[in-house]
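Engineer: This structure is in structure tokens; I'll ask about it shortly.
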């Protein structure tokens, strides 16, 4: 019992240690649109950003915290066209420039940097340098510029087979274009957020349907005044 209590206490200390939070809230599980706000120490730092999410909306992903799920709510799987809902660490920034001055680990998106989406691969859901043996992957250097700058979301960090891979915050293809499972915004917006993120401040992404607002407020009371989490009258 004492050991269990200490584990729970340590978990809560970790949970509230996050100083930078990107909050993305969609109206429901079906919509491909959402709104984003950024917080540091409970204070909003930027204006609301309209983001495009998965073409089929949201589904519960594998993150840092097990949030309450109803039986009829979808789970995230490879190729389902849904963005993961949950709480996730933000681990790296990547981009087309060879060097950066970001306060996060930086990955140069060369022509050989790929993200493996083959569920049976030992490198499933990993960003690696292409060696020629990969069967299914996506290039991080794209012709359409959507990955010119992006943020790595640590969804399914244990690479559970078929539960989804290669989740990022990246640039919109167009104002109306949904994604295959990432969350997308304008270049100027992601530039601003990327410059603000700081590895030492434990940045996380909270991405949820509006129905999970009360649970998030309970876990993160500093967000209780967030306009994205308020119930409609």
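Engineer: Taking 0.36 nm per residue of separation and subtracting the Cα-Cα distance, what length does fully extending residue 142 through residue 48 add?
Structural biologist: Numbers: separation 94, 0.36 × 94 = 33.84 nm, distance 2.74 nm.
Between residue 142 and residue 48, full extension yields an extra 31.1 nm.
Engineer: Also: For labels at residue 99 and residue 187 in the simple 7 Å Cα→Cβ model, what's the distance in nm?
Structural biologist: 2.2
Engineer: Treat the count of other C-beta atoms within 10 Å as a stand-in for reagent exposure and order 102, 46 from fewest to most.
Structural biologist: Lowest to highest Cβ neighbour count: 46, 102.
Engineer: Could you calculate the contour length gain from residue 30 to residue 214, that is, 0.36 nm times the residue separation minus the distance between their Cα atoms, to one decimal place in nm? Let's see the in-between values first.
Structural biologist: Details: separation 184, 0.36 × 184 = 66.24 nm, distance 1.96 nm.
Full extension from residue 30 to residue 214 adds 64.3 nm.
Engineer: From the square roots a ≥ b ≥ c of the eigenvalues of the alpha-carbon gyration tensor of region 2-229, which class results: rounded (a/c under 1.5), prolate (a/b over b/c), or oblate?
Structural biologist: On the way: a/c = 1.39, a/b = 1.29, b/c = 1.08.
It is rounded, given that a/c, with a ≥ b ≥ c, falls under 1.5.
Engineer: Using the 10 angstrom Cβ neighbour count as an exposure proxy, how do 64, 118 rank, fewest first? Display every interim value, and only then the final one.
Structural biologist: On the way: 64 18, 118 15.
Ranking 64, 118 by Cβ neighbours within 10 Å, fewest first, gives 118, 64.
Engineer: Before anything else, pin down the relative contact order of region 2-229: Cα pairs under 8 Å, at least 6 apart, normalised by residue count, whole percent. Let's see the in-between values first.
Structural biologist: Details: 525 pairs, mean separation 59.4, N = 228.
Answer for region 2-229 is 26 percent.
Engineer: Sticking with this one: For region 23-67, what does the alpha-carbon gyration tensor say about shape, rounded, prolate or oblate, given a ≥ b ≥ c as the root eigenvalues, a/c under 1.5 as rounded, and a/b over b/c as prolate? It would help to have the intermediate numbers written out before the result.
Structural biologist: Working: a/c = 3.04, a/b = 1.31, b/c = 2.32.
Verdict is oblate for region 23-67.
Engineer: Moving to a separate point now. Pairs of alpha-carbon atoms within less than 8 angstrom and 6+ residues apart define the contacts here; what relative contact order does region 104-183 have, in percent? All intermediate terms of the calculation are to be shown ahead of the outcome.
Structural biologist: Details: 121 pairs, mean separation 21.4, N = 80.
Worked out over region 104-183, it gives 27 percent.
Engineer: Just for the chain, what percent of DSSP beta bridges are antiparallel, to the closest 5?
Structural biologist: Working: 30 of 48 bridges.
DSSP beta bridges in the chain are roughly 60 percent antiparallel.
Engineer: Sticking with this one: Quick one: grab the alpha carbon gyration tensor of region 80-159, order the square roots of its eigenvalues as a ≥ b ≥ c, and give me rounded if a/c is under 1.5, else prolate or oblate depending on whether a/b is larger than b/c.
Structural biologist: Oblate, since a/c reaches 1.5 and b/c is not below a/b.
Engineer: Follow-up. Cut-off is 10 Å between beta-carbons; in what order do 47, 92 appear when sorted fewest neighbours first? Mind dumping the intermediate values first?
Structural biologist: On the way: 47 10, 92 18.
Least to most surrounded, the residues fall as 47, 92.
Engineer: Going by alpha carbons, how many degrees (0 to 90, nearest 10) lie between the helix axis of 2-15 and the longest principal axis of the chain?
Structural biologist: Taking Cα atoms only, the helix is inclined about 70 degrees.
Engineer: Please report how far the C-alpha centroid of region 34-54 lies from that of region 152-221, rounded to the nearest whole angstrom.
Structural biologist: 10
Bear in mind these aren't lab numbers, they're just calculated from the coordinates by the rules spelled out. Computed from a predicted structure; not experimentally measured. A quick note on method: Cβ atoms are made from the backbone with ideal geometry, for glycine too, and the neighbour counts reach across all protein chains shown.
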